[in-house]
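Novice: One structure, as structure tokens, below. Some questions next.
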Amino acid sequence: MPVYVFRCSGCGLEHEALRPLGDTVGVSCPDCGGQTTLRLGRVAVRYNGWGFTTTDSLVSDPRGKDFAALRDKAEQLADE
């Protein structure tokens, strides 16, 4: 479930709420009970396992990537 950031139209309080994906309508302010609007917040991305850095370092060609060699090396590592 994503964490959404809401701003109260009445008191200006910003608060975070853990809500189901897309469920951003009808959230009231926890401080004054006023109506809130969805505010754009930061998004955290975490590459776990096979990220760009991990796969790009498998091929030593600095001018361009040999994708066939990259695929073969990735399959070899996956079998280990």
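The values are calculated or read from the model by the stated rules, or taken from the named source; none is laboratory data. Being a predicted model, the structure only gives us computed values, none of them experimental. Using ideal geometry, Cβ is built from the backbone for each residue, glycine included, and neighbour counts are taken over all protein chains shown.
Novice: What pairs can you find where one residue is in region 34-45 and at pLDDT below 70, the other is part of a loop (DSSP other than H, G, I, E, B), and their Cβ atoms are less than 9 Å apart, with a gap of 6+ or different chains?
Specialist: Close Cβ pairs (under 9 Å, with a partner that is part of a loop (DSSP other than H, G, I, E, B)) amount to VAL43/PRO2.
Novice: Next up: From the list ASP66, ASP31, which one is surrounded by 12 or more Cβ atoms within 10 Å (Cβ to Cβ), modelled with pLDDT of 70 or more and of a type in the set (Asp, Glu)?
Specialist: Sole residue among the options that is surrounded by 12 or more Cβ atoms within 10 Å (Cβ to Cβ), modelled with pLDDT of 70 or more and of a type in the set (Asp, Glu): ASP31.
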